[in-house]
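*Asks:* Have a look at this one.
The values are calculated or read from the model by the stated rules, or taken from the named source; none is laboratory data. In this text, all values refer to a predicted model and were calculated from it rather than measured experimentally. All Cβ positions, glycine included, derive from the backbone under ideal geometry; neighbour counts span all protein chains shown. Calculation scope for accessible area: heavy atoms of the full protein, side chains included, ligands and nucleic acids excluded. Shrake-Rupley method; radii C 1.70, N 1.55, O 1.52, S 1.80 Å.
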Amino acid sequence: MAWTDDRVELLKNLWAEGLSASQIANRLGGVTRNAVIGKVHRLGLSGRTTTSRAKAPRTRRRPVHTQNRPARPQLRSHGNLALKPSYDTDAEEELELVPAQIQELVIPLNERASILTLDETRCRWPIGDPGDEEFHFCGRSSDVGAPYCEFHSQIAYQPAQSRRKAARA
(Lines give C-alpha, C1' and ligand atoms only; values in the text may rest on other atoms or scores of the structure.)
Protein backbone atom coordinates (compact mmCIF):
# COMPACT_ATOMS: atom_id res chain seq x y z
CA MET A 1 0.00 0.00 0.00
CA ALA A 2 1.36 3.45 -0.94
CA TRP A 3 1.97 6.31 1.46
CA THR A 4 -0.69 8.91 0.70
CA ASP A 5 -0.69 12.40 2.18
CA ASP A 6 -3.54 11.44 4.53
CA ARG A 7 -1.69 8.35 5.78
CA VAL A 8 1.52 10.35 6.28
CA GLU A 9 -0.39 12.94 8.34
CA LEU A 10 -1.98 10.16 10.42
CA LEU A 11 1.50 8.63 10.91
CA LYS A 12 2.89 11.98 12.11
CA ASN A 13 -0.01 12.46 14.55
CA LEU A 14 0.22 8.92 15.98
CA TRP A 15 4.00 9.22 16.29
CA ALA A 16 3.62 12.53 18.13
CA GLU A 17 1.13 10.89 20.52
CA GLY A 18 3.83 8.39 21.49
CA LEU A 19 2.45 5.21 19.93
CA SER A 20 4.92 2.49 19.05
CA ALA A 21 5.70 1.55 15.45
CA SER A 22 3.71 -1.67 15.86
CA GLN A 23 0.67 0.20 17.19
CA ILE A 24 0.84 2.69 14.32
CA ALA A 25 1.12 -0.14 11.77
CA ASN A 26 -2.02 -1.76 13.23
CA ARG A 27 -3.98 1.54 13.08
CA LEU A 28 -2.91 2.32 9.52
CA GLY A 29 -3.44 -1.23 8.26
CA GLY A 30 -1.64 -2.70 5.25
CA VAL A 31 1.87 -1.72 6.46
CA THR A 32 4.40 -3.43 8.66
CA ARG A 33 6.17 -2.14 11.71
CA ASN A 34 9.41 -1.88 9.71
CA ALA A 35 7.65 0.18 7.03
CA VAL A 36 6.49 2.61 9.70
CA ILE A 37 10.01 2.85 11.17
CA GLY A 38 11.47 3.47 7.71
CA LYS A 39 8.94 6.20 6.91
CA VAL A 40 9.54 7.88 10.28
CA HIS A 41 13.28 8.02 9.56
CA ARG A 42 12.77 9.31 6.03
CA LEU A 43 10.46 12.02 7.35
CA GLY A 44 12.95 12.91 10.07
CA LEU A 45 10.46 12.47 12.92
CA SER A 46 12.77 12.05 15.87
CA GLY A 47 11.19 13.97 18.71
CA ARG A 48 8.46 12.17 20.64
CA THR A 49 6.34 13.75 23.31
CA THR A 50 5.78 10.56 25.30
CA THR A 51 7.10 7.06 25.19
CA SER A 52 5.34 3.82 25.80
CA ARG A 53 8.29 2.37 27.71
CA ALA A 54 8.60 2.41 31.47
CA LYS A 55 10.57 5.37 32.78
CA ALA A 56 12.31 3.48 35.61
CA PRO A 57 14.25 0.30 34.91
CA ARG A 58 12.82 -2.87 36.33
CA THR A 59 14.69 -4.41 39.23
CA ARG A 60 15.61 -8.03 38.83
CA ARG A 61 14.95 -10.40 41.65
CA ARG A 62 17.42 -13.12 42.49
CA PRO A 63 16.10 -16.67 42.30
CA VAL A 64 14.57 -17.84 45.57
CA HIS A 65 16.94 -20.78 46.06
CA THR A 66 20.02 -18.52 46.22
CA GLN A 67 18.62 -15.77 48.45
CA ASN A 68 18.76 -17.70 51.73
CA ARG A 69 22.07 -19.46 51.10
CA PRO A 70 25.27 -17.77 52.35
CA ALA A 71 27.86 -17.02 49.71
CA ARG A 72 30.61 -19.62 49.38
CA PRO A 73 34.13 -18.52 48.51
CA GLN A 74 35.14 -19.63 45.04
CA LEU A 75 38.43 -21.50 44.76
CA ARG A 76 40.18 -20.61 41.55
CA SER A 77 43.34 -21.95 40.00
CA HIS A 78 45.62 -20.54 37.38
CA GLY A 79 47.85 -22.56 35.12
CA ASN A 80 48.20 -26.29 34.63
CA LEU A 81 46.24 -28.17 37.29
CA ALA A 82 48.17 -31.38 36.66
CA LEU A 83 51.27 -29.75 38.09
CA LYS A 84 49.50 -28.09 41.01
CA PRO A 85 50.17 -29.80 44.34
CA SER A 86 47.11 -31.13 46.09
CA TYR A 87 47.02 -31.01 49.90
CA ASP A 88 44.78 -32.50 52.51
CA THR A 89 43.15 -29.55 54.32
CA ASP A 90 43.62 -31.01 57.82
CA ALA A 91 47.28 -31.82 57.28
CA GLU A 92 47.87 -28.45 55.67
CA GLU A 93 47.01 -26.62 58.90
CA GLU A 94 49.31 -28.77 61.02
CA LEU A 95 52.33 -28.96 58.74
CA GLU A 96 54.42 -26.14 57.46
CA LEU A 97 54.75 -26.78 53.76
CA VAL A 98 58.33 -26.51 52.60
CA PRO A 99 59.31 -27.61 49.10
CA ALA A 100 61.60 -30.62 49.11
CA GLN A 101 65.09 -30.14 47.78
CA ILE A 102 65.72 -32.51 44.90
CA GLN A 103 69.13 -34.09 45.04
CA GLU A 104 70.47 -34.43 41.51
CA LEU A 105 72.75 -37.25 40.52
CA VAL A 106 76.28 -36.41 39.61
CA ILE A 107 76.72 -38.07 36.25
CA PRO A 108 80.21 -38.61 34.92
CA LEU A 109 81.00 -37.04 31.56
CA ASN A 110 81.29 -40.39 29.78
CA GLU A 111 77.75 -41.44 30.88
CA ARG A 112 76.00 -38.19 29.85
CA ALA A 113 73.79 -38.40 26.78
CA SER A 114 72.89 -35.88 24.11
CA ILE A 115 69.72 -35.88 22.05
CA LEU A 116 71.61 -37.75 19.35
CA THR A 117 72.82 -40.57 21.60
CA LEU A 118 69.52 -41.31 23.40
CA ASP A 119 67.73 -44.58 22.72
CA GLU A 120 64.95 -46.58 24.41
CA THR A 121 67.33 -48.13 26.97
CA ARG A 122 68.80 -44.86 28.29
CA CYS A 123 67.33 -42.39 30.80
CA ARG A 124 65.84 -39.33 29.10
CA TRP A 125 65.80 -37.06 32.19
CA PRO A 126 66.93 -33.56 31.12
CA ILE A 127 69.59 -31.91 33.23
CA GLY A 128 70.29 -28.18 33.02
CA ASP A 129 69.00 -25.45 30.78
CA PRO A 130 68.48 -26.50 27.14
CA GLY A 131 70.05 -23.20 26.06
CA ASP A 132 73.31 -23.91 27.89
CA GLU A 133 76.25 -25.70 26.34
CA GLU A 134 76.45 -28.14 29.28
CA PHE A 135 72.82 -29.29 28.86
CA HIS A 136 72.54 -33.09 28.71
CA PHE A 137 70.32 -36.03 29.55
CA CYS A 138 70.97 -38.49 32.37
CA GLY A 139 71.84 -41.34 30.01
CA ARG A 140 71.96 -44.06 32.69
CA SER A 141 70.37 -47.38 31.79
CA SER A 142 66.60 -47.69 32.20
CA ASP A 143 64.16 -50.56 31.89
CA VAL A 144 62.76 -51.22 28.43
CA GLY A 145 59.66 -49.08 27.95
CA ALA A 146 60.50 -46.77 30.86
CA PRO A 147 61.77 -43.32 29.93
CA TYR A 148 63.78 -42.77 33.12
CA CYS A 149 66.29 -44.60 35.29
CA GLU A 150 65.25 -45.81 38.74
CA PHE A 151 66.40 -42.61 40.48
CA HIS A 152 64.58 -40.24 38.13
CA SER A 153 61.47 -42.45 38.04
CA GLN A 154 61.08 -41.87 41.78
CA ILE A 155 61.09 -38.13 41.16
CA ALA A 156 58.82 -38.22 38.11
CA TYR A 157 56.22 -40.66 39.39
CA GLN A 158 54.92 -39.74 42.83
CA PRO A 159 52.76 -42.25 44.72
CA ALA A 160 49.03 -41.50 44.89
CA GLN A 161 48.06 -39.52 47.94
CA SER A 162 46.36 -41.28 50.81
CA ARG A 163 42.95 -39.72 50.19
CA ARG A 164 43.01 -40.83 46.57
CA LYS A 165 43.81 -44.35 47.72
CA ALA A 166 40.94 -44.21 50.23
CA ALA A 167 38.53 -42.98 47.56
CA ARG A 168 39.38 -45.90 45.30
CA ALA A 169 38.91 -48.44 48.09
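*Asks:* Cβ under 15 Å from Thr117's Cβ, Thr117 left aside: what net charge do those residues give with Lys, Arg +1 and Asp, Glu -1? Intermediate results must be reported in sequence, preceding the final value.
*Replies:* Details: positive: Arg112, Arg122, Arg124, Arg140; negative: Glu111, Asp119, Glu120.
Result for the neighbourhood of Thr117: +1.
*Asks:* Working with all protein chains in place, sort Leu28, Leu11, Leu43 by solvent-accessible area computed with a 1.4 Å probe, largest first. Working shown, then result.
*Replies:* Working: Leu28 20, Leu11 0, Leu43 65 Å².
Of Leu28, Leu11, Leu43, the descending order of accessible area is Leu43, Leu28, Leu11.
*Asks:* Between Glu111 and Glu133, what is the FRET efficiency for a Förster distance of 25 Å, r being their Cβ-Cβ separation, to the nearest 0.05? Walk me through the numbers before you get to the answer.
*Replies:* Working: r = 18 Å, r/R0 = 0.72.
Calculated transfer efficiency: 0.90.
*Asks:* Let me ask you something else. Return the long-range amide H neighbours of Arg122 (sequence gap of 5 or more, or a different chain), with a cut-off of under 5 Å between placed amide H atoms.
*Replies:* Hits under the 5 Å cutoff: Ser142.
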